[in-house]
Amino acid sequence: MPTSQQDGGGGGGERLFHGGAGDGDGGVASAAVTRQVWVPGPVIVGAGPSGLATAACLKARGVPSLVLDKDATVAASWRERTYERLRLHLPRGFCELPLAPPFPPGTPPYPTRDQFVAYLDAYARAFAVEPRLGSRVRAAAYDAAIGFWRVAAVDEAGAGGETEFLSRWLVVATGENAVAAWPAEGVGAYRGAVMHTSSYKRGDEFAGKKVLVVGCGNSGMEVSLDLCNNGAATSMVVRDKIHVLPREILGISTFGLSVFLLKWFPIKWVDALLLIFSRLILGNIEKYGLRRPKIGPLQIKCSTGKTPVLDIGALKKIKNGEIKVVPAIHCFTEDGVEFVNGCREDFDAVIFATGYKSNVPSWLKEEEFFSESDGFPRKAFPHSWRGKNGLYATGFTKRGLQGTSYDAAMIAADIARRWTKSLAGPTAADADHHDTYMAN
């Protein structure tokens, strides 16, 4: 980890600030002892694929950066908060990060979780991206008086304490799936085991048990399949209408085929063609309780970001009754649930496959660029990557890793232009009062 610090030419060394260092109109420091560090390049919050890609693109343009992440490893969400059977839903060619070589020879068309994590580790090493891990960003705000972002980070990996980083640029790379989304109504008096798919690892832990999976997206379908394959009596709540597509059509990935067709035909035509193929390959899924929306899968993806389910075997289990489709939950009981149709059923465990959400509103003190309601940029792709006063966002496009790559390239190009036109550091007087973090 790059931790070299300089006196900034003034020989003042490290400075400690007590009782709200940097407070004021843009201050974010707490009452804890605070060390103030000036960062020459941008501060990037998040060391997942989005943060790594942005740091790599910046480095390729000669711009240093400091990457902060609250976890102890890079890509912790992929490494620690995914289930073991997970494979990428898209072919590996659509999951490569910018400036990187392809996946290693021998990698299957749909890489496993561990293979993708290894790819991210290799990517970080290749570009010498060494995040400051165990640094949880408590708050970040723009200080108009000095033209810098103040980023307060709590050291959760070392001796504790808080550091305030000062930078002209702030890149928010915590992404769309920062924290688990739980239903607001909770589970009431239910006494069985309860977890989110972010904590689920493998199905053999539930062998012989009755398990209710709440949610029918890709995670819900895959967890239900894994449970079923490991001897659990599995039920899956299907509340909303969903599109289920085959992962491949005539040996071609459905996603890849869609990308190709969209180059030539309107999205409505492509949707219609996908649904025709889906009906031929999967049959009529509505008779199994899986109702399709009237709007096509690609149109829904573009307008809401909701991804269609790419079937990898769960539908067969639903058809033969091994996975039971149940309606929405009315309420929880001590031993199970009561469904909206009035039926009651007991379950040993409930697993919420209710997705994830952004955590940006909890720490970013800014209301114009990011929405407080959902933590996403207010502007839609392809204009969602840049705000005002040196604020950027990557990984919020609702377009997966391809959207991340687009954001990273655009952000790096924009910051590099500004980097070359402005001073690379503060004045000598400023430098006397701040540590300098020579990041990456």
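The values are calculated or read from the model by the stated rules, or taken from the named source; none is laboratory data. No experiment lies behind these values; they were computed from the predicted model shown. Note: ideal-geometry Cβ built from the backbone for every residue, glycine included; neighbour counts use all protein chains shown. In case anyone asks, the SASA skips ligands and DNA or RNA and just uses the protein heavy atoms, side chains included. Shrake-Rupley method; radii C 1.70, N 1.55, O 1.52, S 1.80 Å.
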### Message
Given contacts defined as C-alpha pairs under 8 Å and at least six residues apart, what's the relative contact order of the stretch 269-347, whole-number percent?
### Response
17 percent
### Task
Sort the chain into rounded, prolate or oblate with this rule: let a ≥ b ≥ c be the square roots of the eigenvalues of the Cα gyration tensor; rounded if a/c is under 1.5, and if a/c is not under 1.5, prolate when a/b is larger than b/c, oblate otherwise.
prolate
### Query
Where does the charge balance sit around Leu97 when Lys and Arg score +1, Asp and Glu -1, over other residues with C-beta under 15 Å from its C-beta?
+1
### Query
Taking the chain as a Gaussian network, Cα atoms linked when under 10 Å apart, which of Ala233, Ala126, Ala349 shows the biggest mean-square fluctuation?
Ala126
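Treating only the Cβ atoms of Lys and Arg (+1) and Asp and Glu (-1) as charged, compute the dipole magnitude of the stretch 181-355 about its Cα centre; round to the nearest 20 debye.
Value, rounded to 20: 760 debye.
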### Query
Quick one: helix 267-282 against the long Cα principal axis of the chain, what's the angle to the nearest 10°, folded into 0 to 90?
50 degrees
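Determine the relative contact order of the stretch 181-355: mean sequence separation of Cα pairs under 8 Å and six or more apart, normalised by residue count, in whole percent.
38 percent
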## Note on the structure
Highest GNM mean-square fluctuation among Val45, Val187, Val223, for the chain with Cα springs under 10 Å, belongs to Val187
## Note on the structure
Helix 113-126 sits off the longest principal axis of the Cα atoms of the chain, rounded to the nearest 10 on a 0 to 90 degree scale, by 20 degrees
#### Entry: the stretch 181-355 - Rg (one decimal) and Dmax (whole number), Cα, Å
17.0, 55
### Query
Taking springs between alpha-carbon atoms closer than 10 angstrom, which of Thr354, Thr420, Thr397 fluctuates most in the Gaussian network model of the chain?
Thr420
### Summary
Given unit charges at Cβ for Lys, Arg (+) and Asp, Glu (-), the dipole magnitude of the stretch 144-284 about its Cα centre in debye, nearest 20, is 560 debye
### Query
Quick one: Cα centre-to-centre distance for the stretch 72-135 and the stretch 211-269, in angstrom?
22 Å
### Task
Classify the stretch 68-213 as rounded, prolate or oblate from the Cα gyration tensor: take a ≥ b ≥ c as the square roots of its eigenvalues, call it rounded if a/c is under 1.5, otherwise prolate when a/b beats b/c and oblate if not.
oblate
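Rounded to the nearest whole Å², what accessible area per residue is found for the chain with the 1.4 Å probe? It would help to have the intermediate numbers written out before the result.
On the way: 19890 Å² over 440 residues.
Result: 45 Å² of accessible area for each residue.
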#### Entry: Where Met236, Met410, Met195 fall by accessible area, highest first, once all protein chains stay in place (1.4 Å)
Met410, Met195, Met236
### Query
Which listed residue (Tyr142, Val129, Thr163) has the Cα farthest towards the positive end of the charge dipole for the stretch 123-166, taking +1 on Lys and Arg C-beta and -1 on Asp and Glu C-beta about the Cα centre?
Val129
### Summary
Hull surface over four for the Cα convex hull of the stretch 155-257, reported in nm², is 12.8 nm²
### Query
To the nearest 10 degrees, how steeply does helix 49-60 sit against the main Cα axis of the chain, on a 0 to 90 scale?
40 degrees
